[in-house]
1. Would you pull out the residues with amide H under 5 Å of residue 279's amide H, same chain only if 5 or more places away, H placed 1.01 Å from N?
2. So, R0 is 35 Å and r is the distance between the beta-carbons of residue 164 and residue 40; what FRET efficiency does that work out to, to 0.05?
3. Tell me, what is the percent relative contact order of the stretch 560-620, built from C-alpha pairs under 8 Å that lie six or more residues apart?
4. Amide H neighbours of residue 156 under 5 Å, at least 5 residues apart or on other chains, H built in the peptide plane: list them.
5. Would you be so kind as to identify which of 186, 149, 159 lies farthest towards the positive end of the dipole of the stretch 87-238, taking Lys and Arg as +1 and Asp and Glu as -1 on Cβ and the Cα centre as origin?
6. What is the set of long-range amide H partners of residue 544 at a cut-off below 5 Å, with H atoms built 1.01 Å from backbone N?
7. Using the scaling law 2.2 N^0.38 Å as the reference, what is the normalised Cα Rg of the stretch 575-627?
8. Loop only by DSSP, 16 or fewer other Cβ within 10 Å of the Cβ. Give me the trypsin sites (Lys or Arg not before Pro) in the stretch 111-176 that pass, ordered by residue number.
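All of the numbers you see were taken from the coordinates with simple rules; none came from a lab. A quick note: this is a predicted structure, and the numbers were derived from the prediction, not measured. Here the Cβ positions follow ideal geometry from the backbone for every residue, glycine too, while neighbour counts run over all protein chains shown.
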Amino acid sequence: MALIRRRKQQNDVDLPSTDDNENKRLKRGRKNYTCLDNCCWSIGCICTVWWLLLFLYNTMPASFPQYVTEKITGPLPDPPGVKCLKEGLGPKHPVVFVPGIVTGGLELWEGHECAEGLFRKRLWGGTFGEVYKRPSCWLQHMSLDNITGLDPSGIRVRPVSGLVAADYFAPGYFVWAVLIANLARVGYEEKNMYMAAYDWRLSFQNTEVRDQTLSRLKSNIELMVQINGGEKAVIIPHSMGVLYFLHFMKWVEAPAPMGGGGGPDWCAKHIKAVMNIGGPLLGAPKALAGLFSAEAKDIAFARGIAPGVLDSDVFHIQTLQHLMRMSRTWDSTMSMIPKGGETIWGGLDWSPEEGYYPNNTTSVSSQNESKSKARNPNYGRFISFGRDAAELHSSEIQRIDFRGAVKGRNSANSTCREVWTEYHEMGSGGIKAIAEYKTYTANDVVDMLQFVAPKMMERGNTHYSHGLADNLDDPKYAHYRHWSNALETKLPNAADMEIYSMYGVGIPTERAYVYKLTPATERCYIPFQIDNAAGDTGLKDGVYTVDGDETVPALSAGFMCAKGWRGKTRFNPSGIKTYVREYPHNPPSNFLEGRGTESGAHVDILGNFQLIEDLIRVAAGQQLDGDRVSTDIFKWSQKINLKL
């Protein structure tokens with residue numbers, strides 16, 4: 001019995017208690033999740049929700065979004081195509097679309113080994129799948145040669161052809177699709193609609209050298225006029241396409257081999273109207289910031305939300321550095337550097353928009369209070385280092401000229417040549433010289449870019465000019481580098497032609513920037529950065545804004561038709577009729593409206609019903625009712641002392 005008792009006692013000691021067994025069982029059931037497990041779980045949840053929403057979207061009736069929207073906002077108006085069709089309008093003039101920068105698709109025709117399987121697949125536009133699948137390979141193929149501005153060896157990227165080239169930028173994000181659909185409602189089809197797709201990365205003249213794009217545009221317009229009973233074409237360029245077509249009108253009439261040899265009356269015979277949409281005819285300050293530091297208002301805002309993320313070496317890819325390296329090989333970007341100098345854009349102590357204060361207040365008392373609190377913005381100072389340099393009177397600013405300064409060499413960037421093209425050759429002396437000049441007007445920015453990016457500007461100066469002509473009869477202005485500058489070229493001799501400036505207004509648009517120096521690091525870095533800490537009434541995230549379409553200021557889009565080309569001037573010797581049409585921005589009232597039908601934003605305006613109706617009416621042979629403006633564009637234009 002004792003033995004038995006001892007065994008029981010031993011068992012009692014050796015065996016764990018019921019509570020211990022339960023704890024161990026619970027511990028075995030509890031898993032230790034790693035970071036990878038959490039990431040996979042999160043991705044799985046996102047994909048599940050995404051597919052569920054996609055399933056619901058595809059199973060709901062097509063009229064459901066419209067039904068909900070009408071319940072919220074009331075009955076929707078007829079699309080412009082339906083409205084015009086009810087009025088009996090139909091196709092008369094053939095229509096040519098000229099897309100702007102980045103909105104046209106590009107596809108691969110020849111590439112390196114890393115691009116295997118991508119023949120005739122889109123590298124730009126569509127789903128952008130290759131950006132995240134093979135980012136280094138994508139950057140390599142989207143970049144152009146830094147010396148010639150043409151294809152690198154072993155790479156051929158070409159524009160997509162047809163209406164699909166720029167109808168959608170990405171799935172669900174329309175560019176020209178809404179306009180094309182509404183034109184189709186009144187009877188248009190591909191025989192009288194043409195998308196003048198081109199490689200928007202190239203300089204304008206190089207699109208002819210490499211792809212004969214200008215020659216094909218000339219031939220297609222001639223063919224469309226011929227098969228449509230001799231009716232002249234209506235040209236609809238958008239954004240940078242406005243500059244591209246301005247270049248084309250000079251090229252087509254200029255003698256070969258530099259031009260197309262069409263003769264001095266080609267435009268008069270073939271073009272009814274040029275309806276420019278959001279055209280940066282005088283340039284865009286946003287392009288200047290992009291070339292200088294690969295930034296814009298949105299980038300500065302993102303820095304404020306997540307400091308350091310854009311500068312981080314994520315997966316060994318410095319985001320902005322590679323973006324700058326790639327975009328600086330795109331010669332087309334230099335066509336949008338502000339033109340005309342201080343005569344157009346203003347100087348240290350004046351600007352045409354002087355007295356304009358952007359604000360979101362509605363009451364007069366609130367607006368007056370905002371103006372009283374605001375420091376005086378000098379919009380003529382495109383780039384200023386520090387807010388004092390942006391707003392103090394010029395007599396209070398000490399500037400040290402950067403021209404001729406010794407650049408030195410930047411040891412921190414010297415190891416980054418696979419990323420860099422320019423800044424690794426710029427030492428602390430050059431960086432300091434740029435900052436000590438304090439503030440840059442339109443007379444300084446070209447020299448400044450020449451100092452910080454000489455290779456880029458060497459190509460740019462071959463293809464573009466950003467000045468203001470004193471004598472347009474000077475033979476030097478017959479060169480193609482002047483053809484896309486409205487201030488250095490004459491319009492064609494076509495008195496019956498019409499030119500419209502059509503653009504959105506009512507959205508804060510970048511005009512000037514407050515910069516700071518970026519602290520040097522042991523890796524590749526961009527030495528200049530928008531100071532997103534600078535902000536007040538009229539200044540947000542280091543950016544001064546004026547009225548425009550969020551990308552192009554109203555002054556740049558509207559001045560030439562408001563004054564420079566208005567009536568018979570030295571820029572418009574035949575007196576082509578010009579009109580200014582502004583479209584105030586009215587954002588969608590709910591997310592079911594998508595990007596809205598009354599948007600004035602730079603790209604979204606292509607879905608603006610009023611704009612589309614105006615375009616259809618001109619294409620159908622009607623006349624619009626003259627100017628329609630809501631800004632002070634005529635007042636600003638009068639402040640510009642330009643010899644006409």
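1. 239, 502
2. Details: r = 37 Å, r/R0 = 1.05.
With a Förster radius of 35 Å, E is 0.45.
3. It comes to 18 percent, rounded to a whole number.
4. Result for residue 156 returns 109, 110, 111.
5. Towards the positive end, the residue furthest out is 186.
6. Hits under the 5 Å cutoff: 511, 512, 513, 514.
7. The reported ratio for this selection is 1.31.
8. Values: sites: 120, 121, 122, 133, 156; in loops: 120, 121.
Those that pass, being in a loop and sparsely packed, are 120, 121.
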